[in-house]
Amino acid sequence: MYRRSHSRSKPKPWFEREGGEILRAEQGLVQAHYPSLTFRADTESGRMYLDGQITLQANCGVATSIAVRISFPPNYPETEPTAYDAGGRFPVSADRHIINEGQFCLWLPPCCPWDKDDPSRLLRFLDELAVFLERQLVYDATGRQEWPGPQYKHGTAGYEEFMLSKLANNEEDFRSLLPVILGQLRPGRNEPCPCGSKQKYKRCHASSVADIVSRIGRNTLDFLYKRPNLRNPAATMM
Amino acid sequence: MSWNYNTSVNRVQAHLDGMGEIEVEKLVRDADLHSLLSETCCRDIYGAHVYVNVPNFADLATITAEGEDYRRVIQGLHLYEREVARIVEGEDIFDGVRIHFQGAKLHALFFRPIDNTSVIAARAVLLQMVLRHFVCCIFNPEFPKLPNLSLSGGADIGLAIGTKNGHRGDRELLFLGAPANYAAKILTGTDAIRVTAAIHEALPEALQRYFTEVEDRRLDATVHELGSVPVEELDDLLDEYGLSWDREASLQRLKDDKALYPLNQIEYSDAEVLIDMDSLGITNNKRVLAASVFGDVSGFTAYIDKSVGEGEAKPALRVLHAIRKEMASIVKHDFDGLRVQFQGDRVQALFHLPKGDDEHIAARAVDTAIALNSAMELVVKKLLPEAKELGIAVGVSIGTTLVSKLGTRGHRDRICIGDSVENAATYQEGSAGGEIAVSSIIHGHLDDDLQKLFIWDSDRRLYIATDLTQDKVERARKASLFKQAVHVASGLQGVSVSSHATSGSRSFVPSKSFAE
């Protein structure tokens, strides 16, 4: 008699799914464009890594090689991989966008350009990484005074900068709508918008708030605003 | 006009491959050093190194107005150097070796009789006495329309390795080691004649008594300064040491030279094209707006002395020749400059084109300085790991410069004289390995991106860049690149990120960075 098993079998890691086709496609891409990087599976953790060096060429012919490790999440390609400074070449520093364990912060998570459906997604990721590393070298060459190119503020302030940009940089709107974004205030769709515009919420900021919440994620918002603000406890929202 | 890493690697490697086996032996018998020494035939030579300078000539070459007055400066300089060369090299006078003139600064060597410390030291000191007397009592009266010239001197004694650069038709004697270095370092900009404790100790008592012990604060060392020597006593001393300098004959030669090269035959002009230094002479001089660059291998004297002590002189000389030749290639081939001279482990270069365009001249000189440091840090240290402790110190300055080729027939030296030449040398001498020191005028001519890489040193009143290599300069110029779309090309050679599209490059606006 057929008995349905109650124990769920361990799902296959992403690189074994579809007969390994996803991995083969990514390997082909890496081999063609970043041949000094090699896929390496860690059988113990069941994780896949891309290890090797990214060599940045200056026009004068000087090559600077930087050891990197790219770690793939179990649900790849749903979410993007993470890149690390494998050789400890750069110091951990928020000013240079490198956090614990040498993790490179390539972008503000809600602005991640990762498109899981793009066949060239990993190539785009590696190109972004190469540009990020080039920016590290520019940062060093210019005396570590100013990060080359645009950047978000560090930590929560960076997320707020993003939220402001989604609210047309209107600080008053941001202050009025933050409780809505954080889920502390739940206006009805036909109620007046908390921004004070006298328009219905659904016709005013409902879609912007929904976009902000979906891009940042409820968990991240909770993490950002519910944790104690050690620098300024009075500023802690909840 | 630029420096390229791969070209530099290939040049240095080719030079190393073709250099041949270096031989270093102690010089044990008399020899003509010009014929004996070569890039690979080197000798450890015990001798006294003497530097004698007439600092006034640099000022005169810079500030003297055009016309006859300037011709007189050229005439004075030529005639001074001709007679000094005769005094130094005359077998019946001092029987020394004129290594070369660095502008108006003479570098001479006394090594005869071989290993005879007291006679060698005495000759070095007596030469300084004679030249001071010559300038004050013979030269100055003969040139009443020039301001009174004064003479400064420095001397040291010991072992230094003699070698030669290997360029056909352009060969110069090079001396490496403490005595060749300290003799120059104890020179002052005034009229003092100084010798090191080593040479003072080697002097017979009859000569020691003319010196007074003084502390040189710059070098943190005790040196000995020469006091006045009455003419009669100088003659007695020369007699005692069998030296037959005849002041009347010296004056006559000066008068003969003056008649041979009258003011109306001395010409000078600006230069539209790169100066051909071999075409220069007393009747064909150049007065140009030029940037002077001095690049010195910092730490080389200590390195060569240590290497000799450990019996490892050959690898150290290999390093020197690799660096030296690459420095010359950078100046001549990469930046179309004039390689004026090698001075031991230092190269002197001059940039005078485009004519009168101080902005481009300054930029070219600084690009050369960066290339010299790049070659040292990225190429020489890669190919010759034993050079890891060394670094290049560079000084750059700009100003009016007299360029010529002076001296006696067959032994003429390329010279550049002017305050900016002296300043560039001084900037370099005060810099550590990896530093590029430039005057504020030079700095003011650089583009904004390059200017930012130099830091104002308020003590030295100079702009200094540290560890600046060509790739860092390129990157500094990319600082504003990341606000717009970048182009990334990748493959076997690596990745290049640039502002313009190339074949197969991918374009995107890079993400705005963030850190938690």
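The values are calculated or read from the model by the stated rules, or taken from the named source; none is laboratory data. Predicted model only: the values in this text are computed from it and were never measured. Heads up, the Cβs are rebuilt from the backbone with ideal geometry, glycines too, and the neighbour counts pull from every protein chain shown.
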Completion exercise
Inside region B:467-516, the number of residues satisfying the requirement of being outside any loop (DSSP other than H, G, I, E, B) and either at the interface with another protein chain (Cβ under 7 Å from one of its Cβ atoms) or not aliphatic (A, V, I, L, M) (or both) is 22
Problem - Matching option when the condition is within 30 Å of B:Glu267 (Cα to Cα) and either touching a helix residue (DSSP H, G or I) at 6+ places or on another chain (Cβ under 6 Å) or touching a residue at least 12 places away in the same chain (Cβ under 8 Å) (or both), among B:Asp358, B:Asp296, B:Asp345, B:Asp305 - result: B:Asp358
Completion exercise
Residue pairs qualifying under the 9 Å Cβ cut-off, at least six apart or on distinct chains, with the first in region A:94-117 being at the interface with another protein chain (Cβ under 7 Å from one of its Cβ atoms) and the second being surrounded by fewer than 18 Cβ atoms within 10 Å (Cβ to Cβ) and of a type in the set (A, V, I, L, M), are A:Ile99/A:Val92; A:Cys105/A:Ala94; A:Cys105/A:Ile99
Practice task
Could you tell me whether any residue of region B:190-200 is in contact with a Phe, Trp or Tyr (Cβ under 6 Å, 6 or more places away or on another chain), more than 29 Å from B:Gly242 (Cα to Cα) and at pLDDT below 95?
Solution key: no
Problem - Residues that are of a type in the set (D, E, K, R) and either surrounded by fewer than 23 Cβ atoms within 10 Å (Cβ to Cβ) or without any contact (Cβ under 8 Å) to a residue 40 or more places away in the chain (or both), drawn from region B:176-201 - result: B:Lys185, B:Asp191, B:Glu201
Fill in the blank from the handout: Picked from region A:91-108 (must be assigned to a helix (DSSP H, G or I) and either in contact with a Lys or Arg (Cβ under 8 Å, 6 or more places away or on another chain) or among the aliphatic types (A, V, I, L, M) (or both)), the residue surrounded by the most Cβ atoms within 10 Å (Cβ to Cβ) is A:Arg96
Fill in the blank from the handout: Result of the Cβ filter at 8 Å on region B:1-23, keeping first residues that are more than 10 Å from chain A (Cβ to nearest Cβ) and within 10 Å of B:Ala322 (Cα to Cα) and partners that are surrounded by 12 or more Cβ atoms within 10 Å (Cβ to Cβ) and of a type in the set (S, T, N, Q), at least 6 apart or interchain, is B:Arg11/B:Ser329; B:Met19/B:Thr40
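Given the criterion touching a strand residue (DSSP E or B) at 6+ places or on another chain (Cβ under 7 Å), surrounded by fewer than 24 Cβ atoms within 10 Å (Cβ to Cβ) and under 21 Å from B:Phe175 (Cα atoms), identify the matching residue among B:Gly433, B:Gly356.
After applying the criteria, what remains is B:Gly433.
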Problem - Residues satisfying the stated conditions in region A:181-215, i.e. outside any loop (DSSP other than H, G, I, E, B) and over 24 Å from the mean Cα position of the chain (by Cα) - result: A:Pro192, A:Lys200, A:Tyr201, A:Lys202, A:Arg203, A:Ala206
Practice task
Output the residue which, of all residues in region B:97-125 that are in contact with a helix residue (DSSP H, G or I) (Cβ under 9 Å, 6 or more places away or on another chain) and among the charged types (D, E, K, R), is nearest to B:Gly418 (Cα to Cα).
Solution key: B:Lys105
Exercise for the section: Sort out which residues of region B:85-95 are under 19 Å from B:Leu237 (Cβ atoms) and buried (at least 18 other Cβ atoms within 10 Å of the Cβ), and write them in order of number. Expected result: B:Ile87, B:Val88, B:Ile93, B:Phe94
Problem - Of residues in region A:36-52 being surrounded by 13 or more Cβ atoms within 10 Å (Cβ to Cβ) and not small (Gly, Ala, Ser), the one modelled with the lowest pLDDT - result: A:Arg47
Exercise for the section: Could you run through region B:44-95 and say how many residues are over 22 Å from B:Ser118 (Cβ atoms) and assigned to a strand (DSSP E or B)? Expected result: 1
Exercise for the section: Return the residue satisfying two criteria in turn: it lies in region B:445-463 and is buried (at least 21 other Cβ atoms within 10 Å of the Cβ) and part of a strand (DSSP E or B), and of such residues it is farthest from the other protein chains (Cβ to nearest Cβ). Expected result: B:Leu462
Problem - Flag if A:Leu123 is surrounded by 14 or more Cβ atoms within 10 Å (Cβ to Cβ), within 12 Å of chain B (Cβ to nearest Cβ) and in a helix (DSSP H, G or I) - result: yes
Practice task
Kindly provide the set of residues from region B:202-257 that are within 15 Å of B:Gly154 (Cβ to Cβ) and among the polar types (S, T, N, Q), ordered by number.
Solution key: B:Thr222
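Condition check ((1) modelled with pLDDT under 95; (2) within 19 Å of A:Ser176 (Cβ to Cβ); (3) in the same structural domain as A:Phe162 (by TED's automatic domain parsing); (4) exposed (fewer than 14 other Cβ atoms within 10 Å of the Cβ)) across all residues:
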site	(1), (2), (3), (4)
A:Asn190	no, yes, yes, yes
A:Lys198	yes, yes, yes, yes
A:Ile212	no, yes, yes, no
A:Asp222	yes, no, yes, yes
A:Lys226	yes, no, yes, yes
A:Met237	yes, yes, no, yes
Exercise for the section: Assess whether B:Tyr51 counts as being farther than 30 Å from B:Leu127 by Cα, surrounded by 21 or more Cβ atoms within 10 Å (Cβ to Cβ) and either within 14 Å of chain A (Cβ to nearest Cβ) or touching a residue at least 40 places away in the same chain (Cβ under 8 Å) (or both). Expected result: no
Completion exercise
region B:151-212: helices (runs of 4 or more DSSP H) wholly inside it with 3 or more residues that are over 21 Å from B:Ser38 (Cα atoms) and over 21 Å from the mean Cα position of the chain (by Cα) are B:197-202, B:205-208
Handout entry: Count of region A:53-90 residues which are more than 10 Å from every other protein chain (Cβ to nearest Cβ), out of contact with any helix residue (DSSP H, G or I) (no Cβ under 9 Å at 6 or more places or on another chain) and either buried (at least 20 other Cβ atoms within 10 Å of the Cβ) or of a type outside the set (Val, Ile, Thr) (or both)
Key = 2
Handout entry: region A:141-171: number of residues that are more than 10 Å from chain B (Cβ to nearest Cβ) and either under 26 Å from B:Leu468 (Cβ atoms) or touching a residue at least 60 places away in the same chain (Cβ under 8 Å) (or both)
Key = 1
